[in-house]
1. In whole percent, and with a 1.4 Å probe on the protein chains, what portion of the accessible area of the range 197-355 is carbon and sulfur?
2. Loop only per DSSP, at most 16 neighbouring Cβ atoms within 10 Å: give me the GluC sites (Glu not before Pro) in the range 153-204, ordered by residue number.
3. If packing is taken as the mean number of other Cβ atoms within 10 Å per residue, what is the order of 321-331, 97-107, highest first?
4. Roughly speaking, what is the stretch gain from D194 to T323, that is 0.36 nm per residue apart minus the C-alpha to C-alpha distance, in nm to one decimal?
5. For I155, what residues show an amide H to amide H distance below 5 Å, using hydrogens built from the backbone and excluding near sequence neighbours?
6. Extent of the range 59-211 along each principal axis, from alpha carbon coordinates, in Å, largest to smallest?
7. So how far apart, in nm, are the two label points at R205 and D335 if each is 7 Å from Cα heading toward Cβ?
8. List, in the order given, every pair from K89/K357; K125/K185; K302/K359 whose Cα-Cα distance in the structure shown is over 32 Å.
Amino acid sequence: MEENKVLDEVKEVAEDTAKEVKDAAENAAAEVAEAAEKTAEEIKDTADVPASEQDGKAAPEYVLEIDDLYVEYDTEDALVKAVNGLNLKLRHGETVGLVGETGAGKTTTALSILRLVPDPPGVIKSGSIKVEGQNVMELSEAAMQEIRGNDVAMIFQDPMTALNPVFTVGEQIAETIRLHTDCTKDEADEKAGDMLEVVGIPRARGNEFPHQFSGGMKQRVVIAIALACNPKLLIADEPTTALDVTIQAQVLDIMRGLKDQFNTSMIMITHDLGIVAETCDSVAIIYAGRIVEYGTLVDVFKHTLHPYTEGLFNSLPNIHNRTAKLKPIKGLMCDPSNLPVGCPFADRCNYVTDACKEKLPEQRYVSDTHYVCCTAYDDPNFRLERSKENG
């Protein structure tokens, strides 16, 4: 009898406990559902509120704005005018290709954004450069140190010389992380290993030195350093020039994937129009320190406007007619220490007129996204041969 009584008591306690657990679970579920619904409403409300009301100020439309930039190198021999009134805007998540010959001012423009133009002899004479709405020309050197590698990162031309030979690659990635984030050495080392894996290198190789890596692997390490702090803007200065074609494709695939993953804006500096077609949303053709044509990929490739841009396309081999001769651009780029009064491309242009040599061409918009600097378009009937062929 006593055993039955004990069993009944245990059963009753178990039933009470089960009921309490069920009630608690239902209450918890209701609280979670209520909290989730509240959070969802808050997110929706926040999304509906303009950025200016969320943080007290409007979020900048552009991650980068360059306005009327002039950069010169004052050497013993001559005053070299490297960048001459350059204008460029870049939206969040957008990739622009900066295309031109050697000496056009591409790298100097990139270095100007980070205020790394070697001084002396280089000096940024005038203009403004805004990153996320902040004019970097007005910042102290200490403030620029915070921006470099954190908000704006750069992949330099030669991976062979971009890495320090006496430190392991893992240490060099971790150094960037520790400079810009509040973390311990162990946390930085762990993140450095993660970044190596992101670019396709086993984390175990983080303890190796640069000389133990091939050219393509070194470039991957440089990309890992540049992206370690998830910058808003990535400047890639001819990142595939020193690599063979197969490795070029791999590096470009990695850069595209990481750009999409982190929603990074990018400036791709290159001579290669094929790379531009693969990676860029818009194209800026630069000549003698000025952007002479700017537009979307379709604008520039299908509706070419500037004679220099046409010359770049004509210099490419024709895969449909392998016996066709190349059409190189005649002559050489003008001496930046002795620029002409008029259009700097006039002496090499097939469409040159007297008016081209008398004044510097101004921007002429043909659509909301496409402009050209060419005096020939003063004639409303003027068209390039390439434009005629493309219809």
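The values are calculated or read from the model by the stated rules, or taken from the named source; none is laboratory data. Not measured: the values here are computed from a predicted model. Ideal geometry is used to build each Cβ from the backbone, glycine not excepted, and the neighbour counts take in all protein chains shown. In case anyone asks, the SASA skips ligands and DNA or RNA and just uses the protein heavy atoms, side chains included. Shrake-Rupley method; radii C 1.70, N 1.55, O 1.52, S 1.80 Å.
1. Carbon and sulfur atoms account for 54 percent of the accessible area of the range 197-355.
2. Sparse-neighbourhood loop GluC sites (Glu not before Pro): none present.
3. Numbers: 321-331: 9.8, 97-107: 22.0.
Answer by packing, highest mean first, reads 97-107, 321-331.
4. Numbers: separation 129, 0.36 × 129 = 46.44 nm, distance 4.90 nm.
Full extension from D194 to T323 adds 41.5 nm.
5. Excluding prolines and chain starts, which carry no amide H, the hits are I235, A236, D237.
6. Taking the Cα atoms of the range 59-211, the three principal extents are 48, 42, 29 Å.
7. 4.7
8. In this structure, K125/K185 exceed 32 Å between Cα atoms.
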